[in-house]
Amino acid sequence: MSKFHIGLIINPLAGLGGPAGFKGSDGMAEQALALGVEARAAQRTQVALEQLLPLRERIEFLSFPGAMGGELLAQMGFAHRLLGELGDGPTTAADTQRAVQQLQAAGVALILFAGGDGTARDICAAVREGQPVLGIPAGVKIQSGVYAISPKAAGELTARLVEGGLVRLASGEVRDIDENALREGRVSARWYGELTVPEEGGYVQQVKQGGVESEDLVLADLAAWLEGSWESGVRYVFGPGSTLHGLAQNLGLETTLLGVDVIEDGQVIARDVNEAQLFALVDGHAARLLVTAIGGQGHILGRGNQQVSPRVLRAIGLDNLRVVATKRKLGTLQGRPLLVDTGDTALDAAFPDAVRVWAGYKEELLYPLGQ
């Protein structure tokens, strides 16, 4: 079984200002250390990672030397690779931002970071849109909505993702309080942006009649979402299957049940295309690929949609792939990953460890992907 890749960034200075009475750690870490305050970020991270120990054989961490992650991972026996180098002095915001960029380039499914609101600001300044991140609360100020409620909760949610549980993606605000103003007795908070964070997924069966999720209602919801968010001039490739065919019907579009169709600006511009026709339509043109999973089996590519060839996938871009599947369909996999089998081993290896799944109105899940 291939490893699930998780990025880890620890801000070793996070939380130092609290015990020292500094109302935060920004610019005060050295003074706090001089007062004998002990760093606690690694201990908080350890609590989170302890929840992942039963899954240790399935995970590989990507992290950074010493106190930024490598030291703790080695102590706990997790498989890990270290990226980059650190200087001799205390870590800085620039170190955190470089770490984010390197982890994204390595294609990790999730970036775990330990810190406070200052750390969240640094993450927000460097992360690309849509990259899932999750904060382990270790700072003095935890105002941002990107942190788990506790280190243990951060570990449990990450374990759920690795195990194939349904994990919803949401948008969390990054906010920070001006520490200098706070030390003067004034509370001044500021919004710095938003990050994509995982939430507990759940099946939410109680919202449907009889406690059973209705696929017809879900497809109607998805159609309403998609109709309100069409990107002008972008070509949407609909793969085969009843899920996408039903989605198209809810949009008032006539697509083929077992073929591949192309939609642009809310209209079908090509129906039941072959591989060569599809490549000509997407090569050099902005496109999005929508596929679904084979129920109970989990393949999203390589079974019944060979028109979506490796060159087509490269032309569209793996970042522009979306899986459309109800939570009920994902539940038939019983935690097994979704699968790709394009016939190109190099391309298969380039897929991320987890993919976005559209599962309802403005509802995205993060689900593991294997080969």
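The values are calculated or read from the model by the stated rules, or taken from the named source; none is laboratory data. Remember, predicted model here, so these are calculated numbers, not experimental data. Note that we place each Cβ from the backbone using ideal geometry, even for glycine, and neighbour counts take in every protein chain shown.
Identify, please: which residue in region 126-157 is hydroxyl-bearing (Ser, Thr, Tyr) and closer than 26 Å to residue 107 by Cβ and is, among those, surrounded by the most Cβ atoms within 10 Å (Cβ to Cβ)?
144
If you check every pair at least six apart or on different chains, which have Cβ atoms under 7 Å apart with a residue in region 343-362 that is assigned by TED's automatic domain parsing to the domain that holds residue 250 and among the charged types (D, E, K, R) first and a residue that is surrounded by fewer than 18 Cβ atoms within 10 Å (Cβ to Cβ) and assigned to a helix (DSSP H, G or I) second?
Correct list of pairs: 344/310; 362/225.
Could you check region 218-252 and list, in sequence order, the residues that are in contact with a strand residue (DSSP E or B) (Cβ under 9 Å, 6 or more places away or on another chain), part of a helix (DSSP H, G or I) and of a type in the set (Ser, Thr, Tyr)?
Within region 218-252, just 243 meets the criteria.
Go through (1) surrounded by 14 or more Cβ atoms within 10 Å (Cβ to Cβ); (2) under 20 Å from residue 310 (Cβ atoms); (3) not polar (S, T, N, Q) for residue 219 and report which single condition fails.
(2)
Residue under question is residue 61, and the condition is that it be part of a loop (DSSP other than H, G, I, E, B) and either in contact (Cβ under 8 Å) with a residue 12 or more places away in the chain or under 18 Å from the mean Cα position of the chain (by Cα) (or both); does it hold?
Details: part of a loop (DSSP other than H, G, I, E, B): no; either in contact (Cβ under 8 Å) with a residue 12 or more places away in the chain or under 18 Å from the mean Cα position of the chain (by Cα) (or both): yes.
No; evaluated as a whole, the condition is false for this residue.
Quick one: which helices (runs of 4 or more DSSP H) lie wholly within region 253-369 and hold at least 3 residues that are more than 25 Å from the chain's Cα centre (by Cα)? Break it down into steps so the answer makes sense when it comes.
Numbers: elements: 275-282, 310-316, 327-331, 345-350.
Answer list for region 253-369: 275-282.
Which condition number does residue 78 fail, the rest of (1) outside any loop (DSSP other than H, G, I, E, B); (2) buried (at least 19 other Cβ atoms within 10 Å of the Cβ); (3) at pLDDT 95 or above being met?
Condition (1) is where residue 78 drops out.
Show the residue pairs meeting these rules: Cβ distance below 7 Å; 6+ apart or different chains; first residue within region 315-332 and not assigned by TED's automatic domain parsing to the domain that holds residue 107; second residue of a type in the set (Asp, Glu).
315/283; 326/213; 326/215; 327/213; 328/213; 328/215
Since residue 107 meets every condition but one in (1) crowded, with 17+ Cβ neighbours inside 10 Å; (2) closer than 24 Å to residue 359 by Cα, which condition does it not meet?
(1)
Condition test on residue 91, is it at pLDDT below 85, surrounded by 20 or more Cβ atoms within 10 Å (Cβ to Cβ) and not in a strand (DSSP E or B)?
Working: at pLDDT below 85: yes; surrounded by 20 or more Cβ atoms within 10 Å (Cβ to Cβ): yes; not in a strand (DSSP E or B): yes.
In short, yes.
Taking region 337-363 only, how many residues are crowded, with 22+ Cβ neighbours inside 10 Å and at pLDDT below 90?
Matching residues across region 337-363 total 1.
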